[in-house]
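S.K.: The following block contains the structure, expressed as structure tokens.
The values are calculated or read from the model by the stated rules, or taken from the named source; none is laboratory data. In this text, all values refer to a predicted model and were calculated from it rather than measured experimentally. Cβ coordinates were reconstructed from backbone atoms using ideal geometry, including for glycine residues, and neighbour counts include every protein chain displayed. Note: accessible area is taken over every heavy atom of the protein model, side chains too, but ligands, DNA and RNA are not part of it. Shrake-Rupley method; radii C 1.70, N 1.55, O 1.52, S 1.80 Å.
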Amino acid sequence: MKDQMINRGLLFSLVTVLVMLFALHGTTHGQTVVSIMPAEIESPAVGEQFDVKINITGGANVAGYEFDLTYDASALTLVAIANADYLQGNPFVTGPTPAVADAQGQVQLVAASIGAAADGDGTLATATFEVVEVKDSSIGFDKVAVADANAMAIELTIAGSAVSGAAAPPPETPETPETPETPEMPETPETPETPETPETPEMPETPETPEMPETPETPEMPETPETPEMPETPETPEMPETPEPPRMASFSMMLDAGLNMISLPLMPAEPYTAQSFADAVGATIVIKLDAASQKFVGFTAGEGGDGFAIEGGMGYIVNTPDGGSVTFTGMAWDNQQAATAPGINPFRDAWAFVVSGSLQKADPHTNYILVAKNLRTGAVATDPISKGKVRSAAVWADLNRNSVIEAGDQLEITVINDGGNIVSGPFTHTVDIADIKQAFLRLSLVVGDVPPEQTLLAQNFPNPFNPETWMPFQLSESSFASIEIYSTAGQLVRTLDLGLIPAGFYMTQSTAAYWDGRNGTGEHVASGVYFYTLKTDDFAATRKMLISK
């Protein structure tokens, strides 16, 4: 067996120190101080972003650190976090790339240095937050560990930060003055009694009236002439009828499960956008052909914003994973202009596909280009990311419905600046059935996030260990990888097949290779020294570890 035992010299292992914190409370353990600056952030508005720094002061012989940053996920969202340049000469400073927070508001950052130590003050990491709700909250640590070059823990003083979001109290309403009492009215005097009316004296009897002579008969009056007839009143002319408003119509079409090409059969009462159109048909993507540039423009549902306008008389590519009937309502056009794609065999391949990427830490004065390459076919899709734009969508599509991507294809994703330099990637992604079903791949890219320049096997942690340990490594390019564990007698104890690993850093507990201390038959191995070897297509390295029971 060839001598592949490489003594790297200095071995580094982070020692975890659990520190439970509350807002603005610190626990003093030593002269080295790890703190979050600024200590107070006053009343940020919803949507506002602010930066905090994780600083260290009084540090001496610092060779590595690890911490979990915690925050109130109901009030804040983490936009970006990255290690700073406090540690120099560092061949495997690492952490999740990019670091990702969990739903409870916690994100882990790790950095380790071989053969180089930092003294004095500096910034360990920087984080950017965005306010989602204005209220009092805190930013602190769940655990912090700082170690020197001998893997010894450095005593710490740790402090968190408070975010003030209390709204100003409403002005007090002035008290209403009391209404004065109404004065009492004087009593009305009693009405005097009316004197009794004296009795009326009796009248004398009236004498009898003498008889009147008979009245002569009244002569007959001449007949009144007939009144002439009045002319008839002319009829009122009829008013014209009010036209009826245009009638709304409905049109149903059946969409296949997978990709379809459709156009609007009716003019809707409210114009569609790419987002509302995707919601209406249950699509994951909407693609149009730009007539001016003759390039495809893509939109992925749920990415934010409305996207482009949906117009009548144009065809659009949509991906509907579930398919089914869709009904449109609006003013009637020609129903014959509605077109759908013929049935295809979905989810093995696709004739349209979108690579959607959000770009973080972009220089607002620099233009970038997202480049996606299918390594099987050699086809390249690009999308410029102009100044101020943070999201892009590179599109493959074939209007003849020929396949442009298949499950198992490897996509190489790169971001280059306007000077032609690679600023993020290249990263390799293997397309699976889930990607084909939704017809898009969504990525989060960071300017400055590039693969390591060399492949490296780092020291396991913890070491010594019982019963489990993690073996960190980094790959300068994608490769099939495995780790073999041997006894001091040269016997193979266990093989860990890692499969195809993309280029990148695998240095944390969540990404490094894991060994539970058992052999190939499931039995716990005995205490003692063991060796572990990382093997890739063109690399092999070995390190020593110790099991202590």
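S.K.: Taking only C-alpha pairs under 8 Å that are 6+ residues apart, what is the relative contact order of the stretch 372-488 in percent?
M.R.: 16
S.K.: Against the globular-protein guess of 2.2 N^0.38 Å, express the Cα radius of gyration of the stretch 435-484 as a ratio, rounded to two decimals.
M.R.: The value comes to 1.69.
S.K.: Also: Taking amide H positions as placed 1.01 Å from N in the peptide plane, with prolines and chain starts having none, which residues 5 or more places from residue 455, or on another chain, fall under 5 Å of its amide H?
M.R.: Long-range HN contacts for residue 455: 476.
S.K.: Right, another one. Can you give the accessible area of residue 432 in Å² (nearest 10), computed on protein heavy atoms with a 1.4 Å probe?
M.R.: Solvent-accessible area, nearest 10 Å²: 70 Å².
S.K.: Tell me, what is the percent relative contact order of the stretch 423-484, built from C-alpha pairs under 8 Å that lie six or more residues apart?
M.R.: About 31 percent, as a whole number.
S.K.: Remind me, relative contact order of the stretch 249-318 in percent, using alpha carbon pairs under 8 angstrom and six or more residues apart?
M.R.: It rounds to 43 percent for the stretch 249-318.
S.K.: What residues have an amide H closer than 5 Å to that of residue 409, excluding those fewer than 5 places away on the same chain, when H is modeled at 1.01 Å from N in the peptide plane?
M.R.: Under 5 Å from the amide H of residue 409: 431.
S.K.: Now, a different point. If you filter the stretch 396-453 for GluC sites (Glu not before Pro), then keep DSSP loop positions with at most 15 other Cβ within 10 Å, what is left?
M.R.: Counting only loop positions with at most 15 other Cβ atoms within 10 Å, the GluC sites (Glu not before Pro) in the stretch 396-453 are 453.
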